[in-house]
Amino acid sequence: MEYLGFTLDPFQEQAVRAVDEGRSVIVSAPTGCGKTLIAEYAVDVSMYLGKKVVYTAPIKALSNQKFRDFRKRFGAHAVGIHTGDVTLNPDAPLLIMTTEIFRNLILEESGRLEGIHYAVFDEIHYLDDPERGTVWEESIILAPQSIRFLCLSATVPNIRELAEWMGVVRGTEFVIVKEHVRPVPLRHHLFSAKYGPITLKGVKKKYKKRLAERKKFVRRKPSSKKIVHYVLSNEQYPILYFCFNRRACEANAERHADLNLLNDEEQDRVREMVDELVAQYRLDDYVRLGRMRRLWESGCAYHHAGILPAAKEIVERLFTEGLIKILFCTETFALGINMPASSVIFDELEKFNGVEFTYLSTRHYRQMAGRAGRRGMDDVGHVYSQVVPEAADPKEIERILHGHDEKIASRFLASYSTILTLYNRFGDEAYAIFRKSLRNYRKGEFTLTRSYRREEAQIRNRIAFLQAAGFLEGRELTPKGGLAAAVSGYEIQAAELYFTQSFSESSPRQLAVILAALVTEESRRRPRVAASDIRLSFSGEKAINRLRRLEVRHGVAQPIREMDFSLAGPIMSWASGCTLKELESYGIPEGDLVRVLRMTVQLLRTLRDRLDDPVVSERMHEALLLVNRDVVDAQAELQVG
């Protein structure tokens, strides 16, 4: 079977036939096998039938990439996008969105979900994400039964259990399509800066069993120079070099700036592309640009969340054009973005999880390793892991390289907005919906496991808190509860601040700072900032802390977050009209700052459209105009080329 000029593999044919029959499908296949082609077919079929299709993705970068790809193919009129910070053509037959937005539309019983033939869930294994995975489960459980699902997954061992669970909650059988063989096989290598290529047996011989001895070697982090030289000497480029922190990405890129991996013609193409994109994205005063350009013109780059989204976009476009020969990147580059390389290098096989250094899971390793090997270009993809043999635990390395992928686990914990909506709609019958989580599914039926009883106890505690805090009267939503249910994301804090008149005392610029303090997440990387004048004069913070104490009294295990004013200085400066260059003095990574500003825009827009006080609503709109400009304006950025 041919499709879009490709001869389909047997697993793709099987999935395509299931789509032709209008079945719900889950596809499990290694990274780089061509799962996206199946999604494109489902889009094609839906559009041909004159029906709508939703394409959800776990990260905005992937949503944006799909939007551009589909718009080129189907035309601007047929494709829309709805993420937190961008809404373009929202009534289009093909609508790309984040999973959070899809869940929110379901809770709102939005008319936009009528006539949808397929919902494509890209990277369904993201359901396992500790923080955001619950949104996937809520969407699968709550979506209208008329919607068919096409779920794409990396290889996971419990795919059958996942498909059965989805079949039960969706009321339809899911066709399971599995592929184990990669079109481009991978070859895995270990490399030591001291000894060169090394086998697992060699690591076992050199491994120091005593902790005190191992510690001497752990402190000596090897340079990336030797491993990069080795891979380049084998002509196995382009290379994706994964580092687990941003500083290492940048330092490693700088270390290789003198390689000059491009010929004269390629350098000219880089200059031409970069000039054009810098002008379109208005990045002339971007402080990193000069140094980044020099790297790009040598065929080298780095990519992480701390740089501007537009700069990441330029790197991705250069990489797609084959003009970046070695890219130092963090793990998010492996998630969904379809940019394969000839080889992948792991700077190390351990990463810091916020508490301690732990070895990668097998699934995590395979997801990133799967970026090696370009179909139709490489006979084999090479994956190198840098190790310090004396300190690298051979059992862990063996598990990572040869072990089984870990199962997808349920992360279900209904959000406050979900609880408010469902409890208001169904009362105690809502518990029957909460019981449909994957955690509660055992061998073909829902059983009240011990972990589910804990989960249900938490939901009961949360309902008791919502009643005590004035969001619910019995099962009825109060005006405050109605606002919280509609906001969905920092909903409890935002509704409380509005109903305690905390917004009324604030100017548009102050509103930007206050809402940024709701969405800001504490970061180890961020310099400590003294309490701002706004924080000292803002009374609403006490209202949030009162709610947190009330949650604790009602046995809520994960109370709402405190407000974080650590970015108040740069946010206030930005809302006052300063340039990106002028924010440099705060020492905050510009990518982090833009992310918080975009989340602030999202919350400002949501509240502006839902508040019943025209004065505060107008102030929210003024704050939105102050914040959503230049590099923060995601909508303008997305419309570039």
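Can you name every residue in segment 289-319 that is surrounded by fewer than 17 Cβ atoms within 10 Å (Cβ to Cβ) and either outside the structural domain of E331 (by TED's automatic domain parsing) or outside any helix (DSSP H, G or I) (or both)? If the condition is that a residue be surrounded by fewer than 17 Cβ atoms within 10 Å (Cβ to Cβ) and either outside the structural domain of E331 (by TED's automatic domain parsing) or outside any helix (DSSP H, G or I) (or both), then A305 is the only one that fits.
Kindly indicate whether any position in segment 399-422 is within 28 Å of Q236 (Cα to Cα) and among the hydrophobic types (A, V, I, L, M, F, W, C).
Let us first name the residues in segment 399-422 that are within 28 Å of Q236 (Cα to Cα), namely 399-405.
Those still in the list that are among the hydrophobic types (A, V, I, L, M, F, W, C) too: 400-401.
Yes, because at least one residue in segment 399-422 is within 28 Å of Q236 (Cα to Cα) and among the hydrophobic types (A, V, I, L, M, F, W, C).
Residues that are aliphatic (A, V, I, L, M) and outside any helix (DSSP H, G or I) do occur in segment 465-474, at least one of them.
When V53, V27, V79 are checked against the criterion of being within 29 Å of G373 (Cα to Cα) and touching a strand residue (DSSP E or B) at 6+ places or on another chain (Cβ under 9 Å), a single residue qualifies: V27.
Quick one: is R548 over 18 Å from S506 (Cβ atoms), surrounded by fewer than 18 Cβ atoms within 10 Å (Cβ to Cβ) and without any contact (Cβ under 8 Å) to a residue 40 or more places away in the chain? It would help to see each step written out before you state the result.
Details: over 18 Å from S506 (Cβ atoms): yes; surrounded by fewer than 18 Cβ atoms within 10 Å (Cβ to Cβ): yes; without any contact (Cβ under 8 Å) to a residue 40 or more places away in the chain: yes.
So R548 passes the test.
Among the residues here, R103 qualifies as within 22 Å of S437 (Cα to Cα) and among the basic types (K, R). Here K351 meets each of (1) part of a strand (DSSP E or B); (2) within 17 Å of P238 (Cα to Cα) with one exception, condition (2). Only residues that are assigned to a loop (DSSP other than H, G, I, E, B) and either under 21 Å from A154 (Cα atoms) or within 29 Å of the chain's Cα centre (by Cα) (or both) were counted in segment 379-410, giving 10.
Return the residues of segment 76-95 that are small (G, A, S) and modelled with pLDDT of 90 or more; say none if nothing qualifies.
As a first pass, look at segment 76-95 and keep what is small (G, A, S): 76, 78, 80, 84, 92.
Within segment 76-95, A78, G80, A92 qualify.
Taken residue by residue, segment 580-593 has at least one member that is without any contact (Cβ under 8 Å) to a residue 60 or more places away in the chain, aliphatic (A, V, I, L, M) and crowded, with 18+ Cβ neighbours inside 10 Å. Looking across segment 107-118 at every residue that is of a type in the set (D, E) and at negative phi, the one that is farthest from the chain's Cα centre (by Cα) is identified as E114.
Looking only at residues of segment 265-284 that are of a type outside the set (A, V, I, L, M) and under 20 Å from Q635 (Cα atoms), we find that the one that is modelled with the lowest pLDDT is D284. Here is the figure for segment 119-168: residues that are more than 21 Å from the chain's Cα centre (by Cα), part of a loop (DSSP other than H, G, I, E, B) and not hydrophobic (A, V, I, L, M, F, W, C) total 5.
When segment 99-118 is filtered for residues that are farther than 21 Å from S417 by Cα and out of contact with any helix residue (DSSP H, G or I) (no Cβ under 7 Å at 6 or more places or on another chain), the ones remaining, listed by number, are E114, G115, I116.
Residues in segment 122-140 that are more than 24 Å from D20 (Cα to Cα) and buried (at least 20 other Cβ atoms within 10 Å of the Cβ): H125, Y126, L127, G133, T134, V135, W136, E137, E138.
Residues in segment 231-260 that are out of contact with any helix residue (DSSP H, G or I) (no Cβ under 8 Å at 6 or more places or on another chain) and either without any contact (Cβ under 8 Å) to a residue 40 or more places away in the chain or surrounded by fewer than 18 Cβ atoms within 10 Å (Cβ to Cβ) (or both): 9 in all. Of the residues making up segment 349-370, at least one is surrounded by 15 or more Cβ atoms within 10 Å (Cβ to Cβ), modelled with pLDDT under 95, under 20 Å from K209 (Cβ atoms) and touching a Ser or Thr at 6+ places or on another chain (Cβ under 6 Å). For beta carbons closer than 9 Å, sequence separation of 6+ or different chains, a first residue in segment 289-301 that is of a type in the set (A, V, I, L, M) and a second that is in a strand (DSSP E or B), the qualifying pairs are M292/A301; M292/Y302; L295/A301; L295/Y302; A301/I326; A301/L327; A301/F328; A301/C329.
Residues are listed down the side, and each one gets a yes or a no for (1) surrounded by fewer than 24 Cβ atoms within 10 Å (Cβ to Cβ); (2) in contact with an Asp or Glu (Cβ under 7 Å, 6 or more places away or on another chain); (3) not assigned by TED's automatic domain parsing to the domain that holds G370:
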| residue | (1), (2), (3) |
| --- | --- |
| V120 | no, no, yes |
| A143 | yes, no, yes |
| L150 | no, no, yes |
| V156 | yes, yes, yes |
| R160 | yes, no, yes |
| F174 | no, no, yes |
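Of the residues examined, L277 is one that is outside any loop (DSSP other than H, G, I, E, B), in contact (Cβ under 8 Å) with a residue 12 or more places away in the chain and more than 23 Å from G587 (Cα to Cα).
Taking first residues from segment 401-417 that are within 30 Å of L547 (Cα to Cα) and partners that are among the polar types (S, T, N, Q) and buried (at least 18 other Cβ atoms within 10 Å of the Cβ), the Cβ contacts under 6 Å between residues at least 6 apart in sequence or on separate chains come to S410/S437; R411/T134; F412/T134; F412/S437; L413/T134; S417/S488. Checking M572, M599 one by one, the residue that is surrounded by 17 or more Cβ atoms within 10 Å (Cβ to Cβ), more than 21 Å from the chain's Cα centre (by Cα), not in a loop (DSSP other than H, G, I, E, B) and not assigned by TED's automatic domain parsing to the domain that holds Y286 is M572 and no other. Return a yes/no flag: does segment 561-568 have any residue that is outside any helix (DSSP H, G or I), surrounded by fewer than 17 Cβ atoms within 10 Å (Cβ to Cβ), modelled with pLDDT under 95 and among the acidic types (D, E). Within segment 561-568, one or more residues are outside any helix (DSSP H, G or I), surrounded by fewer than 17 Cβ atoms within 10 Å (Cβ to Cβ), modelled with pLDDT under 95 and among the acidic types (D, E).
The values are calculated or read from the model by the stated rules, or taken from the named source; none is laboratory data. As the structure is a prediction and not an experimental result, all values here were calculated from the model. Glycine gets a Cβ as well: all are built from the backbone with ideal geometry, and neighbour counts include every protein chain shown.
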